[in-house]
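No value in this document is a laboratory result; all are computed from the given coordinates. Keep in mind that this is a model prediction, so the values were computed, not measured. Please note: Cβ atoms are built from the backbone with ideal geometry, for glycine as well, and neighbour counts cover all protein chains shown.
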Amino acid sequence: MAKEMTTAPGIRRAARWGFLVMGGVLLFWLPIEDTNLAGVQIMALTLCLLAGIHYSKEISARNGIIPLTLYGLAIGSLAVPLAIFLMIMKNGLHGHATSDYSFADIREIFRLAPYWGFAGALIGLGAWHWLRRWV
């Protein structure tokens, strides 16, 4: 029988520290001439995961597999618009004649949206399994 687990205050505190670290990473990343798509995707997914942890309600394995999987799907899917926002923000702040991220790069991020959603759903499924099995 699965035990009930609530979100510990320590994990929310860790998420707040994670936001501070990611803010420093973003401030370091913005002035650098970088056109790497993987970096912006990792930053967007990390920010979405931290937001999901910080703003989540009480989590338990009794919530069921469907809600946690859908929660993960939402987190993974929201990483795509955040990545595009970060790319556009960096393009706007630099103001070069040629932007760091082209329209083809933004289109590539859109093309990967279903995969990020699926990855988020797998993370939610793994969280449900971990809560059910080990906590």
Completion exercise
Rounded to the nearest 0.05, FRET efficiency between F118 and H96 (Cβ-Cβ, R0 35 Å) equals 0.50
Practice task
Report, in debye and to the nearest 20, how large the dipole of segment 9-134 comes out about its Cα centre when Lys and Arg carry +1 and Asp and Glu carry -1 on their Cβ.
Solution key: 720
Exercise for the section: Taking percent of Cα pairs over 24 Å apart as the quantity of interest, determine which of [x] 28; [y] 57; [z] 38 was computed from the displayed structure. Expected result: [z]
Handout entry: Pairwise label distance in nanometres, R133 with L30, each label 7 Å out on the Cα-Cβ vector
Key = 4.2
Exercise for the section: Subtracting the Cα-Cα distance from 0.36 nm times the residue separation, let me have the gained length for W17 to E108 in nm, one decimal. Expected result: 29.7 nm
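If you rank T35, T69 by fewest surrounding Cβ atoms within 10 Å, what's the result?
Least crowded to most crowded, the residues run T35, T69.
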Handout entry: Burial order of peptide ranges 14-22, 125-133, 39-47 (average beta-carbon count within 10 Å, highest first)
Key = 39-47, 125-133, 14-22
Problem - Cut-off 14 Å between beta-carbons: net charge of the residues surrounding L49, Lys and Arg +1, Asp and Glu -1 - result: +2
Exercise for the section: Kindly point out which whole DSSP H helices in the chain project their C-alpha atoms 20 angstrom or further along the helix axis while averaging a Kyte-Doolittle hydropathy of -1.0 or above. Expected result: 9-29, 37-54, 65-94, 113-134
